[in-house]
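Notes to accompany the following structure.
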Amino acid sequence: MNNRYQAGESQGAFQPGSHDRVLRNKLGVTTPEDMAELELMLLQKLYEAVLADVSPSEALTLAHLKTWHRRWLGNVYEWAGQERSVNMNKGGFHFAVAAQIPRLLTLFERDCLARFTPCHRLEREDLIEAIAVPHVEFILIHPFREGNGRLSRLLADVMAVQAGQGPLDYSAWDAGKIGYFTAIQAGVAGDYTPMRHYVELALWTWTSGLQRASVTCLNLLLPARSLRSIRAMLCPVSMAVELATARMIACLSSGLDRRADVAGMVVLADFMGLILPQRCRQSALTRRVGSRRFRLQGKRE
């Protein structure tokens, strides 16, 4: 059996008909491609909700992380929001033993979340440290059965937004996955220097000229289009762009005080040719959801 993660039974049970490629789920999804699209769509909704409600002065806790995970995947997996109960490894690298997760999360809340959040008064170098250390420790613990990497990025984005920055740009992480995972492994020995480098690459930095152009762009854009129209205009062309779009929409929803950073994202996306005509085609996933292939069950929080 060749899977991204190897795990035991219980949370490691696979969906019948998926040929051991998709975890057992409430919706009967059997292909990795469909599950990836569904999880991405739900992650976009989570980003919009969480980033639009970020408080610069609020300390983050384990309760936040578990709530985010449950809101994201609660309609998909029975165990969403619950601590992992199976052992896991990736490429031969073993994450924390499941039996140790409660103890490790207690330490994580004390030594990482309580120490580094809220981030609203941090200078850039301090913010890099504040994001790097919790990110490494969270990945090493791997507290949930699925979605740890994506949730750790949401945590980093929330911390960056608390500090008045835009959400992070993870393109360098995705392009250098081997180096990124090596940086994670260095954390086993308490070495966070490699991860600090990746966080520094990911933090949005704007020149004064681009920022001024961004503000001008958004000032022209906002009176003419509602947030819903902006969402339609920013039709994604890939999974990475889809999530970047969700981040932009969420920041727009959070208020005009961050409009310089958000407008910078819009301008940058425009320079890269990622903004498509407003009347873009409906994605295949949206059509499948509309046809009830993926009917979300249970009460939404």
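Any read-out appearing in this document is the output of simple, stated calculations on the displayed coordinates, not a laboratory observation. None of the values given here were measured: they were computed from a predicted structure. Counting neighbours? That spans all protein chains shown, and the Cβs are built from the backbone with ideal geometry, glycine included.
Quick one: Karplus J couplings for segment 189-197, per residue in order, coefficients 6.51, -1.76, 1.60, θ = phi - 60°, nearest Hz, x for Gly and Pro?
Coupling constants for segment 189-197: 9, x, 9, 9, 4, x, 6, 4, 4 Hz.
What are the residues whose amide H is under 5 Å from the amide H of K90, where those residues sit 5 or more places off or on another chain and H is modelled from the backbone?
When sequence neighbours closer than 5 places are left aside, the close amide H contacts are F95.
Work out, in µm²/s and without decimals, the Stokes-Einstein translational diffusion coefficient of segment 1-205 at 4 °C, 1.567 mPa s, Rh from Kirkwood over C-alpha pairs.
My calculation gives 74 µm²/s for D.
Could you state, as a whole-number percent, how many of the C-alpha pairs of segment 109-151 are farther apart than 15 Å?
In whole percent, the long-distance tail amounts to 44.
Return the distance in nm (one decimal) between the two label points of a simple spin-label model at T30 and E78, each offset 7 Å from Cα along Cα→Cβ.
2.0
Under a 5 Å amide H to amide H cut-off, with H placed in plane at 1.01 Å, what residues pair with L23 once short-range neighbours are removed?
Amide H neighbours of L23: Q15.
Using amide H atoms built 1.01 Å from N in the peptide plane, name the residues 5+ places from Y77, or on other chains, whose amide H lies under 5 Å from its own.
Counting only residues 5 or more places away or on other chains, the set is K26.
Can you quote the Å³ per residue value for the convex hull of the Cα atoms in segment 120-202, rounded to an integer? Present the calculation step by step, with values, prior to reporting the outcome.
On the way: hull volume 6.9 nm³, N = 83.
About 83 Å³ per residue, rounded to a whole number.
Taking 0.36 nm per intervening residue step and subtracting the Cα-Cα distance, what contour gain separates A172 from A189 on full extension? Walk me through the numbers before you get to the answer.
On the way: separation 17, 0.36 × 17 = 6.12 nm, distance 2.36 nm.
Fully extending the segment from A172 to A189 adds 3.8 nm.
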